[in-house]
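Here the structure comes first, spelled out in structure tokens, and everything after it is commentary.
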């Protein structure tokens, strides 16, 4: 089977790295999450109420500290001491109850929103045009679906809640500071700019490194996935050491970026701690002097220290959470990028024509097509070709001649740059792509099987089919006998990509799937190539039964397939070199004669 696209390079992620403009982006990208949170605004509001409730109670502890010192300690009153302790204990219990509801509500919203984003991204990605996947590997997309959404789950469910709580606590504590002592409050507030400056400077660096860190982790996952997917090839060529070394390089790159990110966050947090507690130390020196000189009571100073520590701890939490929010901004940006990718293959805006009622005649009308990854190299050049309804058209030619590309265009995985492909005389761009593809069944040279059982893989052709219909399709594809010999019959798990089956068995499962779909148009990419001679004979009979009355296009290499075709189209370098039946082409086409000659030499050996 010809390759329809270039192999995605492992360096693809570099294309998505932040540009200088992107590096200047702020946390505003997090507002993109609002539309995912909106459906759960009731829970968010309840969590906000719980947050305000617990924060208010926490601030009231300062009042308990004032009573404890001024009335319990200073007056040496056991009754006042007991009252102050009781007040603090009651407040503590109420805070714990409020915290339970806040944490549960916010965390459950984080889980739900993360799941919704994951669904939205997957549902969008699965509709994208195939050319998108030529430049974006599956490892990177999986990283965004899993790692980035898990990170957002943590941020929304925990860090964002902590940031809100700390911001509210900081504001409330500053108000209480002013109410307690204005002079000392001004000393504390003088340190705030020194706290904000490092947050803004280092926060920007953390955000850029967070995006790079997530991209590098995507590279690691992509590399590992590719090596594991091709494990037999790796071991067959004894490349274990080289793969270990290459993977270690990818891991070290990710580690180095992660280490730089952690370093910036550590500098940020430690710097904020030094500045904040230096301010508190200065405030204690001034406040202590006022207590000694009788300007303020010890209780007021104790309450003030409590509120100042609340401000300090809130700012420290905010500075730490800012690093997490920077990571969330990077993750959100990567996910929103995916959601904003527009598919090049879309259904028409107006009411689409249904292909179900049309004749199954396929025509390529002066079609020229280049793959997006190879814009200067035409895969198909000025092709005009008709596959008549109910007839078999075989496509032959050297590898790379453009045969598989016709299947890609017919299924509208791509649109031609010029010319048109028609079904029943109507341009296929006027159809909904999904409804168009329902009229076709593809049996590729390398069949795609899923990590599931036999029932699931055959029923992929018709999800509504009963077990009896699945078994009947398997019998027609001569797959029933070997399926019944599997440990659990039709319930047998086939492994990733059907790895537990032989090539011929996988091919027959794919043929059974096509039989079950019962399409108008069959696309066979040398569907019997993986079969031994006996299996090929039986499956060929099943295919002949299936092809009866259907328009069939076959990419053919074997002479046995060619001889059954009503017409044979000979391709060379993307052009139609000749067309006719076997006998006429043996007279008129040198290329066809050469292909047949090579086939006979192959058979004679």
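Just a few scattered comments:
- Some residue of the range 463-479 being out of contact with any strand residue (DSSP E or B) (no Cβ under 6 Å at 6 or more places or on another chain), within 24 Å of residue 347 (Cβ to Cβ) and not assigned by TED's automatic domain parsing to the domain that holds residue 409: yes
- Filtering 267, 228, 273 for residues that are modelled with pLDDT of 75 or more, farther than 28 Å from residue 167 by Cα and part of a helix (DSSP H, G or I) leaves a single hit, 228.
- Among the residues of the range 107-134, the ones that are in contact (Cβ under 8 Å) with a residue 60 or more places away in the chain, crowded, with 18+ Cβ neighbours inside 10 Å and assigned to a helix (DSSP H, G or I) come to 7 in all.
- Count of the range 451-476 residues which are touching a residue at least 24 places away in the same chain (Cβ under 8 Å) and closer than 16 Å to residue 510 by Cβ: 16
- Filtering 220, 206, 251, 234 for residues that are crowded, with 16+ Cβ neighbours inside 10 Å, free of Cβ contacts under 8 Å to residues at least 12 places away in the same chain and within 32 Å of the chain's Cα centre (by Cα) leaves a single hit, 234.
- Flag if residue 193 is assigned by TED's automatic domain parsing to the domain that holds residue 279 and closer than 30 Å to residue 291 by Cα: yes
- Of all the criteria given as (1) touching a residue at least 40 places away in the same chain (Cβ under 8 Å); (2) assigned by TED's automatic domain parsing to the domain that holds residue 589, the one not satisfied by residue 427 is (1).
- Hey, residue 282 assigned by TED's automatic domain parsing to the domain that holds residue 118 and closer than 21 Å to residue 186 by Cβ or not: yes
The values are calculated or read from the model by the stated rules, or taken from the named source; none is laboratory data. Please read these numbers as outputs of a predicted model, since none were measured by experiment. A quick note on method: Cβ atoms are made from the backbone with ideal geometry, for glycine too, and the neighbour counts reach across all protein chains shown.
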